[in-house]
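Here's the structure we're looking at; comments come further down.
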Amino acid sequence: MAWRPTECLLEGELDNTTPGRVSGWMRFAGMTEKVIFDLQGNFHRDIRGAKIHLTGDGQVGDPEASRYMASFSCRQIGEVGDITAGLPPADFVAGSCYVEWYSEDNGRVVIELAAEAGIELKEIEMSRYDLYTADEVFLTGTAAEVVPVSEYDKRIIGSGEPGVITRKLITAFRNLVQTTGTPIY
């Protein structure tokens with residue numbers, strides 16, 4: 001049976017910018033200290049190498065949360081399970097954020113959040129290696145909007161075609177600019 005503190009989560013940040021390691025912190029209702037993470041492994045490939053910020057619906061001062069979280073360790077050391085934003089190619093939990101790890105003190109821990117509430121991707125500096133091994137890459141800009149990148153340093157990125165996430169962003173951006181803002185004639 002898994003520990004499921006989803007309803008107690010206030011916020012947190014997990015960092016997988018160092019390959020093979022996930023570090024960070026989370027704050028939970030019912031706990032006075034931040035929970036610190038030092039896990040071995042990587043995020044799922046939809047967000048591998050990213051730094052993510054999680055936001056939950058926990059309520060500070062919730063007496064039920066205090067009871068539930070009373071024996072939860074403030075230091076989570078162990079192995080990454082599945083950590084995904086629910087973006088393709090994470091089909092098994094599409095549309096929701098799923099955070100799972102295996103803690104030395106608490107065993108299996110699972111947090112599931114709705115996609116719109118759960119996860120925010122952050123900009124990070126990337127090396128050439130990160131670009132060479134990416135599933136997909138895109139650029140954004142005011143005039144360029146969203147532009148897929150299929151090759152870098154004469155190396156094919158992913159399949160060489162715009163990826164699923166890039167195509168979704170292009171469509172979403174075009175829909176947004178056609179339905180909102182001030183019309184210019």
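Any read-out appearing in this document is the output of simple, stated calculations on the displayed coordinates, not a laboratory observation. Keep in mind that what you see is a predicted model, and the values were worked out from it rather than measured. Note that we place each Cβ from the backbone using ideal geometry, even for glycine, and neighbour counts take in every protein chain shown.
Counting other C-beta atoms within 10 Å, which of R45, R155 has the fewest, and how do the rest follow?
Details: R45 14, R155 11.
Arranged by neighbour count, lowest to highest, R45, R155 become R155, R45.
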Using a 10 Å cut-off around each Cβ, can you sort L9, L131 from fewest to most neighbouring Cβ atoms? L131, L9
Within a 10 angstrom radius of the beta carbon, how do T18, T179 rank from fewest other beta carbons to most? T179, T18
Taking only Cα atoms of the range 125-182, what ratio of Rg to Rh do you get with Rh as the Kirkwood inverse-distance radius? 1.06
